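Colleague: Dropping a structure here in structure tokens format, bear with me for questions.
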Amino acid sequence: MLQAKDIMTREVITVPLAMPVEELAALLWEKHISGAPVVDAAGVFAGVVTESDLIDQSKRFHIPTVVSILDSVIFLKSAHKIDQEIKKMTGTTVADICSRQPITIGPDTPLDEIATVMAEKGVHTLPVLADGLLVGVVGKSDIIRSMSRAGRPGN
């Protein structure tokens with residue numbers, strides 16, 4: 001069975017934490033990609049940023065529902081989640097909007113597991129890490145490309 005190392009894209013476009021959001025949007029559009037791994041100033045993998053993170057900046061802020069009991073006010077949404085949502089909506093750099101604990105896979109992760117993670121978690125690109133270092137990414141297009149090659153004679 002194919003593994004991540006067999007189908008991953010090895011030449012990965014990464015973005016720095018300090019990149020302005022406007023530059024990120026231009027890069028994603030120009031390169032026709034839906035997201036990118038994020039690296040810190042030393043080039044160490046720090047997270048993932050996607051088109052969805054950019055879209056979150058344009059959405060409406062939903063005022064949290066509260067319940068008043070006696071003299072107490074109880075938020076039905078955690079204060080931490082509200083704070084995260086506000087930070088993401090007002091962020092100006094990749095560091096402000098990226099996911100810092102994304103789902104990652106290893107080079108030996110089998111194709112069926114990759115497909116399952118993508119389908120169940122709703123992610124389209126998975127960073128491939130070996131010993132904590134970014135060695136590639138597997139996207140939906142990599143899986144489809146591997147499927148198209150599998151049906152050809154000699155593959």
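The values are calculated or read from the model by the stated rules, or taken from the named source; none is laboratory data. Here the structure is a predicted model, which means the values were calculated and not measured. Note: ideal-geometry Cβ built from the backbone for every residue, glycine included; neighbour counts use all protein chains shown.
Colleague: Condition first: at pLDDT 95 or above, of a type in the set (A, V, I, L, M), farther than 19 Å from Met1 by Cα and in a strand (DSSP E or B). Can you find one or more residues in the range 136-148 that meet it?
Modeller: No.
Colleague: Show the residue pairs meeting these rules: Cβ distance below 9 Å; 6+ apart or different chains; first residue within the range 48-60 and modelled with pLDDT of 65 or more; second residue polar (S, T, N, Q) and in a strand (DSSP E or B).
Modeller: Val48/Ser99; Val48/Thr125; Val49/Ser99; Thr50/Ser99; Thr50/Thr125; Asp53/Ser99
Colleague: Take Lys121 and tell me if it is exposed (fewer than 14 other Cβ atoms within 10 Å of the Cβ) and at pLDDT 90 or above.
Modeller: On the way: exposed (fewer than 14 other Cβ atoms within 10 Å of the Cβ): yes; at pLDDT 90 or above: yes.
Yes: the conditions hold for Lys121.
Colleague: Let me ask something additional. Considering each residue of the range 21-35, count those that are outside any helix (DSSP H, G or I) and modelled with pLDDT of 95 or more, and give that number.
Modeller: Pass one, the range 21-35, residues outside any helix (DSSP H, G or I): 32-35.
The next check asks that each one be modelled with pLDDT of 95 or more; those that pass are none.
Number of matching residues: 0.
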